[in-house]
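Before any comments, here is the structure.
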Amino acid sequence: MANNSPNFLSQTNEQTRLIMRDLQQLWRVLPHKSVFLVGTLGLVALFHLLGNSTFGYVDTHSVFSWMINAYNAPLSEDGHGNLIPFAVLALLVWKRKELLDAPSYGAWWPSFLILALGLLLHLVGYVAQQTRISVFGLFVAFYGLMGFCWGKSWMKVTFFPYVVLVLCSCGLFGSAGNLSSSTTGFFSRCFYCQ
């Protein structure tokens with residue numbers, strides 16, 4: 001049994017080295033990194049300074065602080081939200097070969113409309129004081145920014161991991177035991193009460 005241990009460690013080290021090599025190559029071939037960085041900083045600033053318009057439960061302007069509170073509240077059933085970004089990163093690492101093989105044509109202008117849709121969703125959520133809609137708008141806007149910088153093929157490869165991120169992180173559909181507090185649960189209660 002002791003003879004298998006060094007072999008396992010050497011295989012693990014080799015896999016780690018190959019993953020890091022692929023990720024470095026992916027970073028080298030991505031176009032418009034500076035545009036993506038500036039756009040990401042702009043989205044983070046917007047959603048940090050003007051992300052939450054309700055101060056009843058969480059006294060903060062930041063949608064990120066609102067999300068942290070929603071995930072870590074004492075009786076919250078949304079604690080899995082803390083783990084979802086790591087699961088999605090693992091999915092993206094798993095799809096790294098597809099991302100490397102995806103042709104990158106640079107800016108894909110129709111995705112600018114997706115970015116605008118995300119900002120519009122945030123505006124609707126901010127005015128309606130529904131922070132979950134603003135969180136959904138954040139994720140839609142970020143997906144549009146990725147498509148704008150890295151193209152349609154990038155959006156196709158990252159679609160499934162991104163849908164997992166959106167559905168599990170922003171609480172639009174709630175967790176399995178928390179349907180009553182989710183947006184879907186709210187609309188179904190309104191429908192059944194009439």
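For the stretch 18-29, indicate whether the set of residues that are under 20 Å from I114 (Cβ atoms) and at pLDDT below 90 is non-empty. Within the stretch 18-29, none of the residues are under 20 Å from I114 (Cβ atoms) and at pLDDT below 90.
Condition test on W108, is it among the hydrophobic types (A, V, I, L, M, F, W, C), out of contact with any Leu (no Cβ under 6 Å at 6 or more places or on another chain), assigned by TED's automatic domain parsing to the domain that holds M155 and in contact (Cβ under 8 Å) with a residue 12 or more places away in the chain?
The answer is yes for W108.
In the stretch 43-57, the condition of being modelled with pLDDT of 90 or more, in the same structural domain as C168 (by TED's automatic domain parsing), exposed (fewer than 12 other Cβ atoms within 10 Å of the Cβ) and under 30 Å from D101 (Cβ atoms) is met by no residue. Checking each residue in the stretch 112-158 for being under 12 Å from F36 (Cβ atoms) and in contact with a Lys or Arg (Cβ under 9 Å, 6 or more places away or on another chain) picks out only C149. Does any residue of the stretch 67-74 turn out to be modelled with pLDDT of 85 or more and either surrounded by fewer than 12 Cβ atoms within 10 Å (Cβ to Cβ) or not in a helix (DSSP H, G or I) (or both)? Yes, the conditions are met somewhere in the stretch 67-74.
Could you grab me the full set of residues in the stretch 34-73 that are touching a residue at least 40 places away in the same chain (Cβ under 8 Å) and over 18 Å from the mean Cα position of the chain (by Cα)?
V35, L50, S53, T54
Scanning the stretch 79-119 for residues that are farther than 19 Å from P161 by Cβ and in contact with a Cys (Cβ under 9 Å, 6 or more places away or on another chain) turns up G106, A107.
Within the stretch 77-92, the set of residues being surrounded by 13 or more Cβ atoms within 10 Å (Cβ to Cβ) and touching a residue at least 24 places away in the same chain (Cβ under 8 Å) comprises E77, D78, H80, G81, I84, A87, V88, L91, L92. Within the stretch 123-147, the residues that satisfy the criterion of being of a type outside the set (G, A, S) and more than 17 Å from V58 (Cβ to Cβ) are L123, V124, V127, F136, F139, V140, F142, Y143, L145, M146.
If you check T60, T40 for being assigned by TED's automatic domain parsing to the domain that holds Q130 and assigned to a loop (DSSP other than H, G, I, E, B), only one passes: T60. The sole residue among L165, L172 that is modelled with pLDDT under 60 and crowded, with 16+ Cβ neighbours inside 10 Å is L172. Of all the residues in the stretch 85-136, those that are out of contact with any Phe, Trp or Tyr (no Cβ under 8 Å at 6 or more places or on another chain) and modelled with pLDDT of 95 or more number 7.
The values are calculated or read from the model by the stated rules, or taken from the named source; none is laboratory data. Keep in mind that what you see is a predicted model, and the values were worked out from it rather than measured. Note that we place each Cβ from the backbone using ideal geometry, even for glycine, and neighbour counts take in every protein chain shown.
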